[in-house]
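Beneath this line is the structure, given in structure tokens, with notes to follow.
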Amino acid sequence: MSTLINDIARQLDAGTIIPYLGPDMLSLCSELKVPATPQALAESMTAKVSVPHKIRKRLTQAAQFIENFKHRKSVVHLMNEAFAGTPTPSALHLALAASGAGLWVDTWYDDTFAAALVQARPQGGWVQVQGLSQSEHFGQWTGVYADDGEFLPVLPQDGERILYKPIGSHGPAGNYLVSDSDYVEVLTEIDIQTPIPAAVQAWRSGRNFLFLGCRFDDQLTRSFARQIMKRSSERHWAVLPLEPTRMEARFLQEQGITRIDLPLAQFAQCLIDAMQPALAA
């Protein structure tokens with residue numbers, strides 16, 4: 001296992017690995033200020049707005065109900081409240097932010113990794129690209145923001161590193177894909193790659209993905225990962241300490257993803273130790 005982790009560390013330094021982060025990355029943060037699972041987020045929202053009991057723990061359905069019977073602005077307001085706090089980035093967040101990666105994919109709504117980039121790269125040189133809801137930005141699939149949060153009309157072409165948030169993020173503008181209709185719009189087009197920025201498609205070509213804090217036990221997470229990985233390399237890794245479900249195991253096999261059977265915190269420490277020479281350089 002140490003040989004594999006050392007190899008991953010070398011590839012991160014060389015920029016040939018794309019970190020792909022899921023909600024469980026928050027388990028590494030010492031101070032948790034935001035919901036860390038879809039169920040926790042659904043419960044946060046439905047504690048403030050009444051929805052039918054059977055969907056109170058189903059995030060996309062609860063958000064759709066609120067959007068239909070309240071207003072889209074109510075959904076955005078609840079999401080902004082849920083993610084108003086920014087957890088302190090963990091050592092792994094900071095190590096990945098300082099690595100040689102040119103693209104990071106972050107599939108949760110919190111601002112933790114953006115904060116890690118600000119801390120690890122005080123000179124800037126990165127942009128954030130977020131998925132946009134078609135109910136608010138019809139015909140526009142992504143929004144681009146500079147490292148200081150300024151909206152950019154186009155994605156710069158001069159080599160900035162990219163933080164890609166395919167389902168949106170709290171900061172800097174409260175963009176979220178969260179309701180059923182949000183996902184229907186994106187999934188209708190994602191097979192032909194329309195919602196995925198050309199710069200992200202270019203970065204992934206021939207590169208490997210390292211999945212951290214992710215599960216693939218529902219159709220949404222598998223669909224996004226499959227399409228974001230398209231036309232990348234044939235070798236990837238996922239830290240999955242829990243036994244995969246049948247559908248997860250099938251997905252891992254289909255996509256060429258090797259399971260790393262370690263707790264995320266243990267893997268994080270081993271990877272950070274392996275990355276120390278490069279981080280100190």
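The values are calculated or read from the model by the stated rules, or taken from the named source; none is laboratory data. Computed from a prediction, not measured in an experiment: that's the story for all the values here. With ideal geometry, Cβ positions are generated from the backbone for all residues, glycine too; neighbour counts draw on all protein chains shown.
Quick notes
- Being among the small types (Gly, Ala, Ser), touching a strand residue (DSSP E or B) at 6+ places or on another chain (Cβ under 9 Å) and either assigned by TED's automatic domain parsing to the domain that holds Ile18 or surrounded by fewer than 20 Cβ atoms within 10 Å (Cβ to Cβ) (or both) is a property that Gly102 has.
- Evaluating Leu32 against the criteria (1) within 23 Å of the chain's Cα centre (by Cα); (2) in contact (Cβ under 8 Å) with a residue 60 or more places away in the chain leaves one unmet condition, (2).
- Given (1) touching a Phe, Trp or Tyr at 6+ places or on another chain (Cβ under 7 Å); (2) surrounded by 21 or more Cβ atoms within 10 Å (Cβ to Cβ); (3) within 23 Å of Val186 (Cα to Cα), index of the condition His93 fails: (3)
- Within the range 234-255, being in contact with a helix residue (DSSP H, G or I) (Cβ under 9 Å, 6 or more places away or on another chain) and either small (Gly, Ala, Ser) or outside the structural domain of Arg10 (by TED's automatic domain parsing) (or both) holds for one residue alone: Ala238.
- Residues being of a type outside the set (A, V, I, L, M) and surrounded by 14 or more Cβ atoms within 10 Å (Cβ to Cβ) - total across the range 237-257: 7
- So Met229, is it buried (at least 18 other Cβ atoms within 10 Å of the Cβ) and under 18 Å from the mean Cα position of the chain (by Cα): yes
- Residue within the range 49-63 that is touching a Ser or Thr at 6+ places or on another chain (Cβ under 7 Å), in a helix (DSSP H, G or I) and assigned by TED's automatic domain parsing to the domain that holds Val184 present: no
- Options Gly168, Gly174: the member that is within 23 Å of Arg72 (Cβ to Cβ), crowded, with 19+ Cβ neighbours inside 10 Å and either in contact with a Ser or Thr (Cβ under 8 Å, 6 or more places away or on another chain) or assigned by TED's automatic domain parsing to the domain that holds His93 (or both): Gly168
- Residue identified as under 17 Å from Gly22 (Cβ atoms) and in contact (Cβ under 8 Å) with a residue 60 or more places away in the chain among Phe216, Phe209: Phe209
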